[in-house]
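For reference, the structure discussed in these notes is given below.
The values are calculated or read from the model by the stated rules, or taken from the named source; none is laboratory data. Please read all numbers here as calculations on a predicted model, not as lab measurements. FYI the Cβ positions are ideal-geometry reconstructions off the backbone, even for glycines, and counts take in every protein chain you see.
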Amino acid sequence: MQTTIKNIENDLCGQLTRTTLAKEIEDIRIAFLGKKGSITLLLSQMKELSLEDKKIFGPLMQALRQMAETSIDERKNYLVQQEAQAETVKSQLFDVTVNVSKAQEGHLHPYTHIIEEIQQIFLSMGYEIWDGPEVETDFYNFSALNIPQDHPARDMYDTFWTNIPGNLLRTHTSTVQIRAMQERTPPIAGIAPGRTYRHEAVDASHDYQFMQCEGLFVDKNVTIGHLFATAQTFLKAFFGKDTLDIRIRPGFFPFVEPGFEIDMRCVFCKNGCSVCKQSTWIEVFPGGMVHPNVLKAGGIDPEQYAGFAFGFGLTRLGMLKYGIDDIRLLYSGKLKFLEQF
């Protein structure tokens, strides 16, 4: 029995000495002091000993158990302390340049790219950048633009009206042009990029919300030639083309007279494709000479000043420039799409 006690003691001390992790101490405690541990089983044999043997081996077994409990606790405390010190040293010697996690990269939305590029082009031409409210009044959205209440041109716009009579979500950014004329004295030159709203069915090429850009130039002796030169200069810069064919067609817009549709040669093909509907031409830049009634609504005398106005779908130009075939992608929030920009 004495040999058994000695062997258990040596085994316990050996395992405690060899272990280097605090989490392994619990396994040792269970192996010796658990319900089926070697010391526990040894103590359970006390009832089988004679009275004389109990007097001899009882104190030895109790001393073994106490020694085991003390040794296990001391070793655990020592290892916990060592591990804590090791972590402290590790943190002090940590080299922040060793493991550099890959930083997530952000991407500007394609609309941001398009707007910034268009603004830079027109700023270089001496234009200002204008902004205005998206919830407008009937006066600025229609009446001031030579579209009175009974004008059939109102049918061209599927308008979102609000619960407040006479208020609506603007159908174009031409509203900003009227405000600009009211606030400035000619010469006036500026563009107004922004969101516009029309009650349209959503598909690959239409949305109820889209980006538009309107431009205005007012001064003395302004001619149609200035409009055509401005359109060509802008389109060349935006599409990065040294030469760009454009053609002029008559068009009706109640706020300009005469009005024109300015097309450019398709940038995707030479003989016709689905983008240009096999015509090799793409409508991109409608405009014309500002109607005298519009100048009057802006507080400008049409007898002294003339001007040209233009507008284009900023969304459409962006889709052409970047080869985007579905307008819904611009609002989808899909990372694979946005990461391209």
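Values as computed for the structure displayed
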quantity: Members of the stretch 294-336 found to be aromatic (Phe, Trp, Tyr) and either touching a Gly at 6+ places or on another chain (Cβ under 8 Å) or not assigned by TED's automatic domain parsing to the domain that holds Ile178 (or both), listed by number; calculated: Phe308, Phe310
quantity: Test: residue in the stretch 154-167 that is in contact (Cβ under 8 Å) with a residue 40 or more places away in the chain and among the aliphatic types (A, V, I, L, M); calculated: no
quantity: Counted residues, the stretch 31-78 - those being exposed (fewer than 13 other Cβ atoms within 10 Å of the Cβ), closer than 19 Å to Gly14 by Cα and of a type outside the set (Ser, Thr, Tyr); calculated: 5
quantity: Subset of the stretch 204-248 [under 30 Å from Glu134 (Cβ atoms) and among the charged types (D, E, K, R)]; calculated: Asp207, Glu214, Asp219
quantity: Residue check for Ala192: over 17 Å from Arg316 (Cβ atoms) and assigned by TED's automatic domain parsing to the domain that holds Phe312; calculated: no
quantity: Residue selected from the stretch 155-185 under the condition hydroxyl-bearing (Ser, Thr, Tyr) and loosely packed, with under 13 Cβ neighbours inside 10 Å, by the criterion farthest from Pro133 (Cα to Cα); calculated: Thr185
quantity: Among the residues listed as Met319, Met264, Met289, the single one being farther than 21 Å from Ser143 by Cα and outside any helix (DSSP H, G or I); calculated: Met264
quantity: The one condition in (1) more than 60 Å from the chain's Cα centre (by Cα); (2) modelled with pLDDT under 80; (3) not in a helix (DSSP H, G or I) that Lys36 fails to fulfil; calculated: (2)
quantity: Test for Ile72: is it modelled with pLDDT of 80 or more and among the aliphatic types (A, V, I, L, M); calculated: yes
quantity: Filtered residues of the stretch 106-129 (kept if assigned to a loop (DSSP other than H, G, I, E, B) and without any contact (Cβ under 8 Å) to a residue 40 or more places away in the chain); calculated: Gly106
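Rundown of residues vs (1) among the hydrophobic types (A, V, I, L, M, F, W, C); (2) surrounded by 21 or more Cβ atoms within 10 Å (Cβ to Cβ); (3) without any contact (Cβ under 8 Å) to a residue 12 or more places away in the chain, yes/no style:
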position	(1), (2), (3)
Trp281	yes, no, no
Ala297	yes, no, no
Ala309	yes, yes, no
Gly313	no, no, no
